[in-house]
Structures are given as C-alpha cells and as structure tokens.
Amino acid sequence: MKLSDYIAERLYEAGVRFVYGIPGSASIPYIESFSRHGIRFILVSHESAAGIMASVTGRITGIPGICHATMGPGAANILTGAGFALLDRAPVVILTSETDERMLGRTSQMNVDHQGLFSPVTKATYRVNKNNAENVLNTALKICTHEYPGPVHIGLPAGIAEEEIETGSEAGILSGNELLTDSQIVENRDTEKIINLLEQSRRPLIAVGLTAARHKISSSLREFLVLRKIPVVLTPMAKSLLPENHPSYTGVLFHALSDYLTDVFEKTDLVIGLGYDPVEFNYESWMPDVPLVHFNSVITDLPEKREVFQYTGTPDEWFSLMSHLNPGQIVSESGLIKGIRDETEAVFEGFTNHFGPVSAVKILQEELPAGATVTADVGSHLHLLGQYWKTGGADNFIITNGWSGMGFGIPSALAIQLLKPWADVVCITGDGGLLMSAGEIMTARRYSLPVKIVVLSDGELNLIKIKQLWQNIPPEGTLLYSGDLFNADSFLGVRVIRAGSHEEMSNAINKAFSVNEPVIINAVIDPEDYSWLVVKR
C-alpha cells in the first residue's frame, strides 16, 4: 500500500472526515488519497485557523482533529493551533511536509528542524519513513487521545507519499510519550486522608473544571447534588455542566464580577476540585486558606505550602469517594447562593439602558434560535460572556481558556458548522479577534457555511486598555482604527448588517437568520461597561 493511502485509510477508520489546512506541492498525493477514502480537505486562509478547527473538532467529537501545513512557514503558522490543542486539552494530529533525507541538516529553502520546532508544544513529534509509518500513526492516534488529550506532530518527508509500505506488523507503541502507568496513578491517591477530610467538612465548596467538562459529568454531578446542597463554582470551559438556575450554581471563576464569589469562599472549610485543571485558573489565585482535595484524571502540579490531597482516577471513582461528604450548609444558609446570583444579574441588568456589550449580548441571547451553538473569541467580551451567557446546562458554548488566544472565534464556528451542518452556529468576537482571522470569512463563503458572526466593535483592544489604566498608564498601542470597522455593507462578499441600538441589534439578528448564508453583524458598542465588569487580577 502507498504511504498516502495508508494514512488516509487509517484516519478514516479512526473516524476522521475532515483535514484542515493549506497544501504545498508535497501535499498533493495525500490530498488525493484523502479524497478517495472519504476525507474532505478543507482549505483555510491561514494555517493557525486549521489548527484551531482541528482542536475544536477533537474537543467536540473525541475523534482526533487533523490539520496539515507545508514545511517551514506553514509549519510555523500552525504552531498556534498546536498551542490550542495542548492547553485546551484536545486530541489533534498535525501533519506537516518536511525536507527529504538528503537535505536533513543542510541549508535549503524553507528547511527547519520540525521535530525541534514542535517538541515544546506537542505530546510527541515523529518523522515518518516507509518502515515506521504504521507504528508512528498508531502511536500518534493513541497518544493524542490519552489523558490529557493533546497534539501529536507527524513529519512527512517530501517524496515519500508514493512509496510502498508494509502493514500488519506486531510492533508496539513507540516510546517517548507521557502515558501514565497504573502504578503512577495508584501512588498518587491519598484515599484515607481524603475520606477523613470529606467526612469532617461541614461547609465544602466544589470547583468544577475542564477535565470534568471533557468527561461530560453533568448528569452525575446533578444527581450527586440532589442529596447534597453544596455550592459549585465552575471554570469558564466547564460553564455548561450545571444550569445557571440550579440551586448549587454559584458562578464562574475568573470572569466578570467573579469577585462576588468571595462571600462564599469566606464560609468554606474545604475546597473540592472536581476534574479541575489549573490551566484555566490556578487554585492559589482564588482559593481561601483551607484544605484542598483535588480529583483529576492525571497527576497535577498543585500549590505548595497548602494542605493538599489529590486523587487520580475516573469520574466514577471521584463520585464514589465524594459520597463521604455531608449534605453541606452553605446553600441553605439565608439564601446566600441565590443572593449572589441575583446580585450579579442585577448588576448586569444595570448596564442595559444603553447599547453596550451587555445589551448586545442580552438581545442576542433573546433572539437566537433555540439550541444555537455559540463560539466566543478572546477579549473583554469573553469575560462578560463567561459569566453572563446562559447555557441552560447545554453543551453549546465553546471557548478557549487554556491557550486563550485571540482569533479563535471564527475558525471554531466554521469547524462546528462543518461537523453539524443542520445547526445554528454563531461566533461572538471583538474587532481585534476578527482582524486576526478575517480571512476565514472567505472559508465560510467557499464552503457555504451559514455561520453568523457578531462583531462587538469598539475600535480598540479593550482588555489591554483596561489593564493599562489599572496601572495608571495612558492607553498606548490599543487603538485599532477610527470610524466604522467595515464602512460597507459587505466584506469579502459576505453581507454586513450594522447595529448601533437595541432595535437595530434585534432586527439584525432576525435578518441574519432569515438567510442560509454567512452574515456579519457589526454591533457598534460603547465599551465603558467592561471597565466595571472585568475583575482585576
């Protein structure tokens, strides 16, 4: 079998249906093989978008997302996507062309050491040859999905695609990965001490994180909370695990108005990290000075100089141990949790008398079709959305908070639309995030993806400006443009609808969803809300 055919066949068997990327001349045989084996090559405008789309595909489906770049500059561009997969914990395989054997270590055009390039931002990196191809691909597919999921890089030397390879070998998984052994996991279980702490606690607080979201523990968590009225705080990427009106739902860490949660922290005698991944927000950045019990799927680096106990295992094991918890007292005490939620909501509502980001987001939530999936880019608006957006406990709010890179919103929405062509998909971005990925609007057009892109336009990098003002530094390097962002009713052939008021925003959303094509809503907002809502860290 030809190498290119083997890779295509093996990826298809693994459930892969899309490869995102930009081709080079060495890619041609692979793209042809993908097509013949039922895998669609999705051409993007920039390789970083290919990496983001692969990352989101892996997160949503659990099947490795696949992206591709040519050697040198293409490979360097796709590194951003590797970062998303690494720190947002998504299974991804990155394919790049590489120079052939003759030119390894030589000076030649576009030639850099790809294994050296990808090593810091992947779980493993390999270079294929006709003798190791089967082993490399099987290893990559295994490593990228193993806890924590993440990216694996495979270099494809030029000219090797047409070579015949042998399959069916008994070779095992290659070394060099970071798979945990059973003994490593068992050695990291402070079971007796954990049970003792759980039994003694009267005011526990549960902090739910990214690992819990990835393992989809929502139903188990809700069932557990039926008998135990314990307050729950969530990290932004775990936001949808509990409906916002659940009696235990207390709020989202790190995002807007999260300083209101300190009233709960002050009453807590034990913090329980449930699938909590510090990549989103380190414990020491918010935790009260109480013991910590940390449940996770892998060994985690945790704060020093604290009473910390961790248990690595499966969610079923977490909940089995947590059955030792008492019912808890904080939720039932004088309506504290509901009071925090009501006060937070009242603050948000206080900003709806003018057309700022809160008003735009509120109208968007009210007008969106039921069940719509929302992706959100990075910026001040994400701090608002992370606390204010209502998921209702549905897994339809997609963000990055591990890698947390701008330019995420549009590519992630396109990936979801490809995976779910029947779905209503909306991207909420700022104008800074839009400018980083604007070329992908052409990708939406190219593949007739009816994604709706809502741009909260304020003409500046607002989050950086806020942080400058916190330090009493006059804003510098944050002004994006003067005047209107688009100054036209279309951009790259996609319709632009301007909204500068409550009524215009409502009308724009309804117009956008009346057509089965991509549409941009240019929501021109007053950004002053952010300075009151973003919490200083």
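Of the helices (runs of 4 or more DSSP H) entirely within the range 189-288, those holding at least 3 residues that are more than 20 Å from E307 (Cβ to Cβ), in contact with a Phe, Trp or Tyr (Cβ under 9 Å, 6 or more places away or on another chain) and not small (G, A, S) occupy 210-214, 218-227. In the list R36, R40, which residue meets the criterion of being of a type in the set (K, R), over 23 Å from A444 (Cα atoms) and either touching a Lys or Arg at 6+ places or on another chain (Cβ under 6 Å) or modelled with pLDDT of 95 or more (or both)? Sole residue among the options that is of a type in the set (K, R), over 23 Å from A444 (Cα atoms) and either touching a Lys or Arg at 6+ places or on another chain (Cβ under 6 Å) or modelled with pLDDT of 95 or more (or both): R36. Screening the candidates A69, A54 for the property of being closer than 18 Å to T375 by Cβ and modelled with pLDDT of 95 or more yields one hit, A54. All of P475, P450 fail the test of being of a type outside the set (A, V, I, L, M, F, W, C) and at pLDDT below 95, apart from P475.
All of E504, E517 fail the test of being on the phi < 0 side of the Ramachandran plot, acidic (D, E), without any contact (Cβ under 8 Å) to a residue 12 or more places away in the chain and surrounded by 14 or more Cβ atoms within 10 Å (Cβ to Cβ), apart from E504. Look at (1) under 23 Å from M505 (Cα atoms); (2) touching a strand residue (DSSP E or B) at 6+ places or on another chain (Cβ under 8 Å) and you find that T478 fails only one, number (1). Scanning the range 457-468 for residues that are surrounded by 24 or more Cβ atoms within 10 Å (Cβ to Cβ) and touching a Ser or Thr at 6+ places or on another chain (Cβ under 7 Å) gives a single hit, N462.
I'd like the residue in the range 306-347 that is among the polar types (S, T, N, Q) and within 27 Å of the chain's Cα centre (by Cα) and, out of all such residues, is nearest to T268 (Cα to Cα). For the range 306-347, the residue satisfying everything is Q310. Within the range 54-68, being buried (at least 24 other Cβ atoms within 10 Å of the Cβ) and under 16 Å from G150 (Cβ atoms) holds for A54, S55, V56, T57, G58, R59, P64, G65, I66, C67. Tell me, yes or no, whether the range 81-99 has at least one residue that is modelled with pLDDT under 95, touching a helix residue (DSSP H, G or I) at 6+ places or on another chain (Cβ under 7 Å), closer than 21 Å to A158 by Cβ and among the charged types (D, E, K, R). Scanning the range 81-99 turns up at least one residue that is modelled with pLDDT under 95, touching a helix residue (DSSP H, G or I) at 6+ places or on another chain (Cβ under 7 Å), closer than 21 Å to A158 by Cβ and among the charged types (D, E, K, R). Checked against the criterion of being under 28 Å from the mean Cα position of the chain (by Cα) and closer than 25 Å to V425 by Cα, the range 463-480 has no qualifying residue.
The single residue among S437, S412, S404 that is closer than 24 Å to I217 by Cα and buried (at least 24 other Cβ atoms within 10 Å of the Cβ) turns out to be S412. No other residue among G430, G393 is of a type in the set (G, A, S) and without any contact (Cβ under 8 Å) to a residue 60 or more places away in the chain apart from G430. Across the range 34-53, the qualifying residues are those that are surrounded by fewer than 24 Cβ atoms within 10 Å (Cβ to Cβ) and among the hydroxyl-bearing types (S, T, Y), and the one among them that is farthest from T400 (Cα to Cα) is S35.
Scanning the range 295-332 for residues that are buried (at least 18 other Cβ atoms within 10 Å of the Cβ) and in a helix (DSSP H, G or I) gives P315, W318, L321, M322. Count of the range 194-205 residues, restricted to those that are within 15 Å of S320 (Cα to Cα) and in contact (Cβ under 8 Å) with a residue 60 or more places away in the chain, is 5. Evaluation of K338 against the conditions (1) in a loop (DSSP other than H, G, I, E, B); (2) in contact with a Pro (Cβ under 8 Å, 6 or more places away or on another chain); (3) over 25 Å from P149 (Cβ atoms); (4) of a type in the set (D, E, K, R) shows that the sole unmet condition is (1).
Can you find even one residue in the range 100-121 that is surrounded by fewer than 23 Cβ atoms within 10 Å (Cβ to Cβ) and on the phi > 0 side of the Ramachandran plot? Yes, there is a match, as at least one residue in the range 100-121 is surrounded by fewer than 23 Cβ atoms within 10 Å (Cβ to Cβ) and on the phi > 0 side of the Ramachandran plot.
The values are calculated or read from the model by the stated rules, or taken from the named source; none is laboratory data. Only a predicted model underlies this, so the values are computations on that prediction, with no experimental measurement involved. So basically every Cβ, Gly included, is an ideal-geometry build from the backbone, and we count neighbours across all protein chains shown.
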